[in-house]
């Protein structure tokens, strides 16, 4: 058996980054930009149960018309309820995805901090989070939980890094 025989066809072939994005988009109804908005709507609505366009635009550093346009798109695909100039309320589906997106973000951020990537951690997290499969995120979550629960491993890793410096 050849090395690539046990891997499905999509995993045997190399693609450009854009090619992988296109393949992934076939399986995903939500774009990375939609994920960013949904994640922030979830964050903003956790306490009050709703968000507003102005708050969303401010939090994402975009203009209100841009936020409004994306909120309309998310409403069309049933992730939220929104009436013009009104409140943004997540549907059950939107809340579940928003919760996952926040958990994914926080996991990657914790992982990056663990390995010592302290500069630009928010930017790095944003760049990484949209490009990982749910399975990979799940495995990173397990690793982070393991490392946080086993201080001796974290200490050993820190000592190893120090020995290389």
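The values are calculated or read from the model by the stated rules, or taken from the named source; none is laboratory data. Small disclaimer: the values here were computed from a predicted structure and weren't measured. Backbone-built Cβ (ideal geometry, glycine too); neighbour counts: all protein chains shown.
Observations on the structure shown:
- Residue check for residue 68: in contact with a helix residue (DSSP H, G or I) (Cβ under 9 Å, 6 or more places away or on another chain), modelled with pLDDT of 85 or more and within 20 Å of residue 101 (Cα to Cα): no
- Note on region 57-68: among residues that are over 11 Å from residue 40 (Cβ atoms) and surrounded by fewer than 13 Cβ atoms within 10 Å (Cβ to Cβ), the one that is farthest from the chain's Cα centre (by Cα) is 65.
- Residue match in region 101-113 (condition: touching a helix residue (DSSP H, G or I) at 6+ places or on another chain (Cβ under 8 Å) and more than 18 Å from residue 130 (Cβ to Cβ)): yes
- Residues in region 116-139 that are over 22 Å from residue 31 (Cα atoms) and in contact (Cβ under 8 Å) with a residue 24 or more places away in the chain: 116 only.
- Residues in region 75-92 that are touching a helix residue (DSSP H, G or I) at 6+ places or on another chain (Cβ under 7 Å), farther than 11 Å from residue 34 by Cβ and part of a loop (DSSP other than H, G, I, E, B): 78 only.
- Filter result for residue 96 (surrounded by fewer than 17 Cβ atoms within 10 Å (Cβ to Cβ), modelled with pLDDT under 95 and in a helix (DSSP H, G or I)): no
- Test: residue in region 95-103 that is touching a strand residue (DSSP E or B) at 6+ places or on another chain (Cβ under 8 Å) and under 30 Å from residue 52 (Cβ atoms): yes
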